[in-house]
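What follows is a set of notes on a single structure, which appears directly below.
The values are calculated or read from the model by the stated rules, or taken from the named source; none is laboratory data. These figures come from a predicted structure and were not determined experimentally. Cβ sites come from the backbone with ideal geometry, for glycine too, and all protein chains shown count toward neighbours. Areas reflect the complete protein model, heavy atoms only, side chains present, ligands, DNA and RNA absent. Shrake-Rupley method; radii C 1.70, N 1.55, O 1.52, S 1.80 Å.
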Amino acid sequence: MTQSRRQKKYVDACVQGALARRIITHWLVFLAVGSLVAFVLQVLSNPFRPLAEHAQDMWWSHGPFLLVMVFLLPVFVVDTIKLSHRFAGPVYALRKALREIALGEKPRRLKFRKLDFWHGLADDYNAVLVKFDLLEEDKKNIESNELVAVNK
(Lines give C-alpha, C1' and ligand atoms only; values in the text may rest on other atoms or scores of the structure.)
Protein backbone atom coordinates (compact mmCIF):
# COMPACT_ATOMS: atom_id res chain seq x y z
CA MET A 1 0.00 0.00 0.00
CA THR A 2 1.45 3.37 -0.94
CA GLN A 3 1.51 5.93 1.78
CA SER A 4 -0.23 9.12 0.73
CA ARG A 5 1.35 12.40 1.64
CA ARG A 6 -1.14 14.92 2.93
CA GLN A 7 -0.65 18.23 1.19
CA LYS A 8 -2.96 20.28 3.37
CA LYS A 9 -1.31 21.16 6.69
CA TYR A 10 -4.27 22.96 8.31
CA VAL A 11 -6.79 20.11 8.57
CA ASP A 12 -8.52 20.75 11.90
CA ALA A 13 -9.31 24.41 12.43
CA CYS A 14 -10.55 23.85 15.97
CA VAL A 15 -7.44 22.07 17.32
CA GLN A 16 -4.79 23.68 15.16
CA GLY A 17 -6.38 27.13 15.48
CA ALA A 18 -6.40 26.79 19.27
CA LEU A 19 -2.71 25.86 19.23
CA ALA A 20 -1.86 28.80 16.95
CA ARG A 21 -3.81 31.19 19.19
CA ARG A 22 -2.08 29.76 22.26
CA ILE A 23 1.43 30.19 20.79
CA ILE A 24 0.57 33.78 19.77
CA THR A 25 -0.74 34.49 23.29
CA HIS A 26 2.40 33.02 24.88
CA TRP A 27 4.57 35.05 22.51
CA LEU A 28 2.71 38.28 23.35
CA VAL A 29 2.92 37.61 27.10
CA PHE A 30 6.64 36.83 26.82
CA LEU A 31 7.22 39.99 24.82
CA ALA A 32 5.20 42.17 27.22
CA VAL A 33 6.81 40.76 30.38
CA GLY A 34 10.29 40.87 28.85
CA SER A 35 9.81 44.47 27.75
CA LEU A 36 8.44 45.50 31.13
CA VAL A 37 11.34 43.89 33.01
CA ALA A 38 13.86 45.49 30.64
CA PHE A 39 12.22 48.90 31.07
CA VAL A 40 12.11 48.61 34.87
CA LEU A 41 15.78 47.62 34.95
CA GLN A 42 16.57 50.54 32.64
CA VAL A 43 14.77 52.97 34.96
CA LEU A 44 16.35 51.48 38.09
CA SER A 45 19.81 51.94 36.59
CA ASN A 46 19.33 55.72 36.86
CA PRO A 47 15.98 56.69 38.40
CA PHE A 48 16.60 60.44 38.12
CA ARG A 49 16.56 60.58 34.32
CA PRO A 50 13.28 61.35 32.54
CA LEU A 51 11.24 58.33 31.41
CA ALA A 52 11.44 59.46 27.78
CA GLU A 53 15.22 59.13 27.86
CA HIS A 54 14.93 55.66 29.37
CA ALA A 55 12.46 54.66 26.66
CA GLN A 56 14.78 55.97 23.96
CA ASP A 57 17.79 54.17 25.44
CA MET A 58 15.77 51.00 25.77
CA TRP A 59 14.66 51.22 22.14
CA TRP A 60 18.26 51.60 20.96
CA SER A 61 19.56 48.80 23.15
CA HIS A 62 16.66 46.33 22.84
CA GLY A 63 15.03 47.38 19.55
CA PRO A 64 16.90 44.85 17.39
CA PHE A 65 15.81 42.05 19.75
CA LEU A 66 12.18 43.19 19.50
CA LEU A 67 12.43 43.31 15.72
CA VAL A 68 13.81 39.77 15.60
CA MET A 69 11.00 38.61 17.90
CA VAL A 70 8.38 40.14 15.58
CA PHE A 71 9.86 38.27 12.62
CA LEU A 72 10.03 35.01 14.59
CA LEU A 73 6.31 34.95 15.47
CA PRO A 74 5.17 33.65 12.05
CA VAL A 75 7.93 31.03 12.18
CA PHE A 76 6.68 29.84 15.58
CA VAL A 77 3.06 29.69 14.38
CA VAL A 78 3.87 27.81 11.16
CA ASP A 79 6.07 25.34 13.04
CA THR A 80 3.31 24.75 15.59
CA ILE A 81 0.81 24.07 12.80
CA LYS A 82 3.25 21.67 11.12
CA LEU A 83 3.79 19.81 14.40
CA SER A 84 0.08 19.72 15.16
CA HIS A 85 -0.50 18.24 11.72
CA ARG A 86 1.28 15.11 12.94
CA PHE A 87 -1.57 14.44 15.39
CA ALA A 88 -4.48 16.35 13.84
CA GLY A 89 -3.90 14.65 10.47
CA PRO A 90 -4.26 11.08 11.79
CA VAL A 91 -7.41 11.98 13.71
CA TYR A 92 -8.77 13.66 10.59
CA ALA A 93 -8.00 10.51 8.54
CA LEU A 94 -9.70 8.30 11.14
CA ARG A 95 -12.81 10.51 11.21
CA LYS A 96 -12.92 10.48 7.41
CA ALA A 97 -12.66 6.67 7.31
CA LEU A 98 -15.44 6.34 9.90
CA ARG A 99 -17.64 8.75 7.93
CA GLU A 100 -17.07 6.67 4.78
CA ILE A 101 -18.20 3.52 6.61
CA ALA A 102 -21.26 5.36 7.96
CA LEU A 103 -22.16 6.36 4.39
CA GLY A 104 -22.00 2.72 3.31
CA GLU A 105 -18.70 2.91 1.45
CA LYS A 106 -16.20 0.07 1.48
CA PRO A 107 -13.89 0.24 4.52
CA ARG A 108 -10.21 0.75 3.86
CA ARG A 109 -7.11 0.19 5.97
CA LEU A 110 -5.55 3.19 7.64
CA LYS A 111 -1.82 3.75 7.52
CA PHE A 112 -0.38 6.93 8.94
CA ARG A 113 2.80 8.59 7.79
CA LYS A 114 6.06 7.56 9.45
CA LEU A 115 6.42 10.69 11.61
CA ASP A 116 2.73 10.93 12.57
CA PHE A 117 1.64 10.37 16.13
CA TRP A 118 -0.85 7.73 17.20
CA HIS A 119 0.05 4.82 14.93
CA GLY A 120 -1.70 2.65 17.50
CA LEU A 121 -4.97 4.35 16.57
CA ALA A 122 -4.66 3.10 12.98
CA ASP A 123 -3.67 -0.36 14.23
CA ASP A 124 -6.74 -0.50 16.49
CA TYR A 125 -9.03 0.69 13.68
CA ASN A 126 -7.59 -1.90 11.30
CA ALA A 127 -7.98 -4.61 13.97
CA VAL A 128 -11.67 -3.72 14.30
CA LEU A 129 -12.10 -4.02 10.54
CA VAL A 130 -10.47 -7.44 10.60
CA LYS A 131 -12.47 -8.56 13.66
CA PHE A 132 -15.78 -7.68 12.04
CA ASP A 133 -14.67 -9.07 8.68
CA LEU A 134 -15.08 -5.73 6.90
CA LEU A 135 -11.97 -5.71 4.72
CA GLU A 136 -12.44 -7.02 1.20
CA GLU A 137 -8.70 -7.57 0.72
CA ASP A 138 -8.55 -9.80 3.82
CA LYS A 139 -11.57 -11.79 2.59
CA LYS A 140 -9.82 -12.40 -0.72
CA ASN A 141 -6.62 -13.47 1.06
CA ILE A 142 -8.53 -15.88 3.30
CA GLU A 143 -10.46 -17.33 0.34
CA SER A 144 -7.28 -17.83 -1.69
CA ASN A 145 -5.57 -19.49 1.31
CA GLU A 146 -8.58 -21.81 1.73
CA LEU A 147 -8.46 -22.76 -1.96
CA VAL A 148 -4.77 -23.56 -1.71
CA ALA A 149 -5.41 -25.69 1.40
CA VAL A 150 -8.25 -27.58 -0.36
CA ASN A 151 -6.15 -28.27 -3.47
CA LYS A 152 -3.30 -29.82 -1.45
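Observations
- The selection criterion, being over 24 Å from LEU83 (Cα atoms), open to solvent by 70 Å² or more (accessible area, probe 1.4 Å) and either modelled with pLDDT of 65 or more or in contact with a Cys (Cβ under 6 Å, 6 or more places away or on another chain) (or both), does not hold for GLU146.
- Taking segment 52-78 as the range and being among the aliphatic types (A, V, I, L, M) and either surrounded by 11 or more Cβ atoms within 10 Å (Cβ to Cβ) or under 24 Å from the mean Cα position of the chain (by Cα) (or both) as the test, the residues that pass are ALA55, MET58, LEU66, MET69, VAL70, LEU72, LEU73, VAL75, VAL77, VAL78.
- Any hit, segment 90-113, residues being within 30 Å of GLY34 (Cα to Cα) and surrounded by fewer than 16 Cβ atoms within 10 Å (Cβ to Cβ): no
- Of all residues making up segment 102-127, the number that are assigned to a helix (DSSP H, G or I) and within 26 Å of the chain's Cα centre (by Cα): 9
- Pairing each residue of segment 5-31 that is assigned to a helix (DSSP H, G or I) with any residue that is open to solvent by 60 Å² or more (accessible area, probe 1.4 Å) and among the charged types (D, E, K, R), provided the two are 6+ apart or on different chains, yields C-beta distances under 9 Å for GLN16/LYS9; ILE23/ASP79.
- Each residue in segment 14-51 was checked for being surrounded by fewer than 10 Cβ atoms within 10 Å (Cβ to Cβ) and closer than 26 Å to LYS82 by Cα, and 1 pass.
- Pair list, Cβ < 8 Å and 6+ apart or interchain, from segment 116-127 residues that are without any contact (Cβ under 8 Å) to a residue 60 or more places away in the chain to residues that are open to solvent by less than 40 Å² (accessible area, probe 1.4 Å) and of a type in the set (Phe, Trp, Tyr): TRP118/PHE112; HIS119/PHE112; LEU121/PHE112; ALA122/PHE112
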